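Undergrad: Submitted below is the structure of interest, expressed as structure tokens.
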Amino acid sequence: MKYVLRILFLTFLIVLGRGYYVKETMDYNQGEKIIGMGVLFGAFIYLPLFLYHRWKDKKISDYTLNNEYLSKMKVKKEKKD
């Protein structure tokens with residue numbers, strides 16, 4: 001999955017670069033369309049795959065604030081003072 005994400009990211013950068021190149025040198029409207037497709041690709045294909053890869057083995061409860069963690073933080077603060 002790591003290599004697929006790298007290839008997709010490089011593809012994303014190449015598409016954006018190509019879009020800016022076409023926009024500046026050849027056809028402004030065509031360049032804008034290429035850039036727009038690149039952004040859509042990044043937002044709807046690359047980003048969900050990347051987020052899935054980064055979060056697949058993590059517990060969400062470790063990143064949420066609940067009463068147990070609040071009480072631990074209060075105890076640590078009281079010990080400092």
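Taken together, the values in this text are just the output of simple stated rules run on the coordinates, not laboratory data. Note that the structure is a prediction, hence the values are computed from the model and not measured. With ideal geometry, Cβ positions are generated from the backbone for all residues, glycine too; neighbour counts draw on all protein chains shown.
Undergrad: Which lysines, on any chain, are close to Lys76 with Cα under 29 Å apart, when same-chain ones fewer than 8 places away are left out?
TA: Lys58, Lys59
Undergrad: State the three equivalent ellipsoid semi-axes of the chain, derived from the C-alpha gyration tensor as the square roots of 5 times its eigenvalues, in descending order and whole Å.
TA: One finds semi-axes of 45, 16, 10 Å for the chain.
Undergrad: Output the 0 to 90 degree angle, nearest 10, between the alpha-carbon long axis of helix 67-80 and the longest principal axis computed from the alpha carbons of the chain.
TA: 70 degrees
Undergrad: Rounded to the nearest 20 debye, what is the charge dipole size of the chain about its Cα centre when +1 sits on each Lys and Arg Cβ and -1 on each Asp and Glu Cβ?
TA: I would put it at about 560 debye.
Undergrad: What's the exposure ranking of Val39, Val4, going from fewest to most Cβ atoms within 10 Å?
TA: Ascending number of Cβ neighbours within 10 Å: Val4, Val39.
Undergrad: Now, a different point. Tell me the angle of helix 2-25 to the major Cα principal axis of the chain, expressed in degrees between 0 and 90 and rounded to the nearest ten.
TA: On a 0 to 90 degree scale, this one is about 40.
Undergrad: What is the order of Ile60, Ile7, Ile35, fewest Cβ neighbours within 10 Å to most?
TA: Listing Ile60, Ile7, Ile35 from fewest to most nearby Cβ atoms yields Ile60, Ile7, Ile35.
Undergrad: Of Lys23, Lys79, how do they rank once you tally other Cβ atoms within 10 Å and put the fewest first?
TA: The most exposed by this proxy come first: Lys79, Lys23.
Undergrad: Only helical DSSP H runs with n ≥ 4 go in: add -39500 (n - 2.57) per run for the chain, normalise by residue count and round the 222 nm mean residue ellipticity to 500 deg cm²/dmol.
TA: -24500 deg cm²/dmol
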